[in-house]
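To keep things clear, I will list the structure first and then write my remarks on it.
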Amino acid sequence: MYNIPKTAKACVLTGPNEYEIKDNVEVKMPGKHEILCKIRAVAICGSDPEIIRGDLCGIWPPAYPFVAGHEWAGEIVALGEDIQDFHVGDRVAGEAHKGCGYCENCKKGRYTICLNYGDTSTGHEHYGFIVNGAYGQYQKYSIRSVSRIPDNVTFAEAAMCDTSGVALHGIDLSGITVNGTVVIIGPGPIGLCTMRLAKTMGASRVIMVGRGARLAAAEKLGADICIDITKEDPVEAVRRITNGLGADEAFECSGAKGTFNQSVRMVRKGGRVVLLGVAKDGVMEELPFKYITHNEITIYGSRANPNVSQKVLGLMSSGQLNVKDLITHRFKLDQFSEALDTFVNRIDNAVKVVILPNEEE
């Protein structure tokens, strides 16, 4: 059905902040419980520029040459051994994480915090971080790390499954107060997905905290109230808006220093704080210890998107989660430098930038 080439095109990292588009990258055939996918769309994630710059080289990636990229969707073109539930031609969306499958965390379904993280000899893989990812025309994946795409969801939308899934996992941890107030710090792609999912889950009011073009985008895309951090203190503003009570849930989606403290002080007695943004190494926060204790504030750390991909794709299919208007730019793989620059520098008010490795979605 598919004519699979021996080599194909990929964006290959050759060193810190060095990459090139190569057309002779080996297409590795899938092994047991693996599938080979033709990548139809891959979105640039906020972690990708760090990996490309080499900020974490030796860890992410562990060595060069390396292919990054982990927010992808495509179609299955070949099957490895012992594949029962997938077929050639199936449209699938991927996850970055594959746990070892047998540690205590994996057995509990918490494979994004696998106890054997980074040890590929155990079966653990982290696509686009530790093992090769999706910035190429073809890549092989474990069947544990893919989900079928509903017929009415496009590849570009399905590539948003990871971003949306990060938001939904955080919401799954904390819950959403029906008819309550949610505050979100950081109107980037994860913050915007959190905003829309919170409304789908029953929040009556979503407050977005941020600045600049991204905050303006949040207002256009559905935030009920926007707080500009350059014009007023966000904690005081949230307290004023909620008549002094505070929000029911706060989602920190920026990873910026100081926002953890703000999130805690924004929520009401018995409120919940979810940390979705990833701070830089070494960032430390002072927290109101007594306030957290006396007011029974619950704090959730949240990593990636375990066990939510099928839910997110279903919400997209039913129309309850719209991600179409979050995808602002599309590029071919040969235009990777322009795509990366557009995403990093938010050119033309870029929100989510999608690359089409095979040139058509």
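The values are calculated or read from the model by the stated rules, or taken from the named source; none is laboratory data. Since we're looking at a predicted model, the values are computed, not measured. Note: ideal-geometry Cβ built from the backbone for every residue, glycine included; neighbour counts use all protein chains shown.
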Restricting to the stretch 175-194, name every residue that is under 17 Å from Ala250 (Cβ atoms) and not in a loop (DSSP other than H, G, I, E, B).
Thr181, Val182, Val183, Ile184, Ile185, Ile190, Gly191, Leu192, Cys193, Thr194
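Each row is one residue, and each column tells you yes or no for (1) in contact (Cβ under 8 Å) with a residue 40 or more places away in the chain; (2) within 15 Å of Gln137 (Cα to Cα).
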{"position": "Ala8", "(1), (2)": "yes, yes"}
{"position": "Thr14", "(1), (2)": "yes, no"}
{"position": "Ile35", "(1), (2)": "yes, yes"}
{"position": "Asp55", "(1), (2)": "no, no"}
{"position": "Asp82", "(1), (2)": "yes, no"}
{"position": "Tyr111", "(1), (2)": "yes, no"}
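Scan the stretch 263-311 for residues that are polar (S, T, N, Q) and touching a helix residue (DSSP H, G or I) at 6+ places or on another chain (Cβ under 6 Å) and jot them down.
Of the stretch 263-311, the ones polar (S, T, N, Q) are 263, 293, 295, 298, 302, 305, 307, 309-310.
Ser302, Asn305, Ser309, listed by residue number.
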Checking the condition β-branched (Val, Ile, Thr), under 12 Å from Gly136 (Cβ atoms) and within 24 Å of the chain's Cα centre (by Cα), which residue from Ile51, Ile59, Ile39 passes?
Ile39
Looking only at residues that are in a loop (DSSP other than H, G, I, E, B) and acidic (Asp, Glu) in the stretch 195-234, which one is surrounded by the most Cβ atoms within 10 Å (Cβ to Cβ)?
Asp224
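Considering only the stretch 12-39, state which residues are out of contact with any Lys or Arg (no Cβ under 8 Å at 6 or more places or on another chain) and either under 14 Å from Val77 (Cα atoms) or among the charged types (D, E, K, R) (or both). Don't jump to the end; show me each part of the working.
Of the residues in the stretch 12-39, the ones out of contact with any Lys or Arg (no Cβ under 8 Å at 6 or more places or on another chain) are 13-15, 18-20, 24, 32, 38-39.
Across the stretch 12-39, the qualifying residues are Glu18, Glu20, Lys32, Lys38, Ile39.
Need a quick list: strands (runs of 3 or more DSSP E) entirely within the stretch 1-103 having at least 1 residues that are modelled with pLDDT of 95 or more and touching a Ser or Thr at 6+ places or on another chain (Cβ under 7 Å). Full working, then the answer.
On the way: elements: 7-15, 18-26, 34-43, 71-79, 91-94.
By residue number, 18-26, 34-43, 71-79, 91-94.
If a residue must be among the aromatic types (Phe, Trp, Tyr) and farther than 15 Å from Ala96 by Cβ, how many such residues does the stretch 114-164 contain?
2
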Could you tell me which numbered condition Val238 fails, if it satisfies all but one of (1) under 28 Å from Ala43 (Cα atoms); (2) in a helix (DSSP H, G or I)?
(1)
Pairs, first over 21 Å from Thr7 (Cα atoms) in the stretch 123-140, second in a strand (DSSP E or B) and small (Gly, Ala, Ser), C-beta under 7 Å, six or more apart
Glu125/Ser142
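Give the residues of the stretch 333-355 that are touching a residue at least 40 places away in the same chain (Cβ under 8 Å) and surrounded by fewer than 20 Cβ atoms within 10 Å (Cβ to Cβ), sorted by residue number. First the steps, then the outcome.
At the first step, the residues of the stretch 333-355 found to be touching a residue at least 40 places away in the same chain (Cβ under 8 Å) are 333-334, 336, 339-340, 343-344, 346, 349, 351-355.
The answer is Asp334, Leu340, Val344, Arg346, Asn349.
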Residue pairs meeting the criteria (Cβ under 7 Å; at least 6 apart or on separate chains; first charged (D, E, K, R), in the stretch 289-313; second part of a helix (DSSP H, G or I))
Arg303/Thr112; Arg303/Ile113; Lys311/Leu168
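Quick grid of which residues meet (1) surrounded by 24 or more Cβ atoms within 10 Å (Cβ to Cβ); (2) touching a helix residue (DSSP H, G or I) at 6+ places or on another chain (Cβ under 6 Å):
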residue	(1), (2)
Ala93	yes, yes
Lys107	no, no
Thr112	no, no
Tyr117	no, no
His124	no, no
Ala134	yes, no
Ala156	no, no
Ser164	yes, yes
Ile176	no, yes
Listed residues Lys9, Lys32; which is touching a helix residue (DSSP H, G or I) at 6+ places or on another chain (Cβ under 7 Å), farther than 28 Å from Val278 by Cα and of a type in the set (D, E, K, R)?
Lys9
Taking Val278 as the residue in question, decide whether it is under 20 Å from Gly186 (Cβ atoms), in contact with a Pro (Cβ under 6 Å, 6 or more places away or on another chain), surrounded by fewer than 21 Cβ atoms within 10 Å (Cβ to Cβ) and in contact (Cβ under 8 Å) with a residue 60 or more places away in the chain.
no
Where in the stretch 273-361 are there helices (runs of 4 or more DSSP H), lying fully within it, with 2 or more residues that are under 30 Å from Lys108 (Cβ atoms)?
289-294, 309-318
Filter the stretch 256-313 down to the residues that are within 30 Å of Lys98 (Cα to Cα) and of a type in the set (Asp, Glu) and list them by number.
Asp281
Filter result for Gly180 (of a type in the set (Gly, Ala, Ser) and within 29 Å of Glu75 (Cα to Cα)):
no
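For Ala250, are the conditions met, namely being of a type outside the set (S, T, N, Q) and either surrounded by fewer than 17 Cβ atoms within 10 Å (Cβ to Cβ) or not in a strand (DSSP E or B) (or both)? I'd like the intermediate steps shown before the answer.
Numbers: of a type outside the set (S, T, N, Q): yes; either surrounded by fewer than 17 Cβ atoms within 10 Å (Cβ to Cβ) or not in a strand (DSSP E or B) (or both): no.
Considered against the rule, which asks whether it is of a type outside the set (S, T, N, Q) and either surrounded by fewer than 17 Cβ atoms within 10 Å (Cβ to Cβ) or not in a strand (DSSP E or B) (or both), Ala250 comes out as no.
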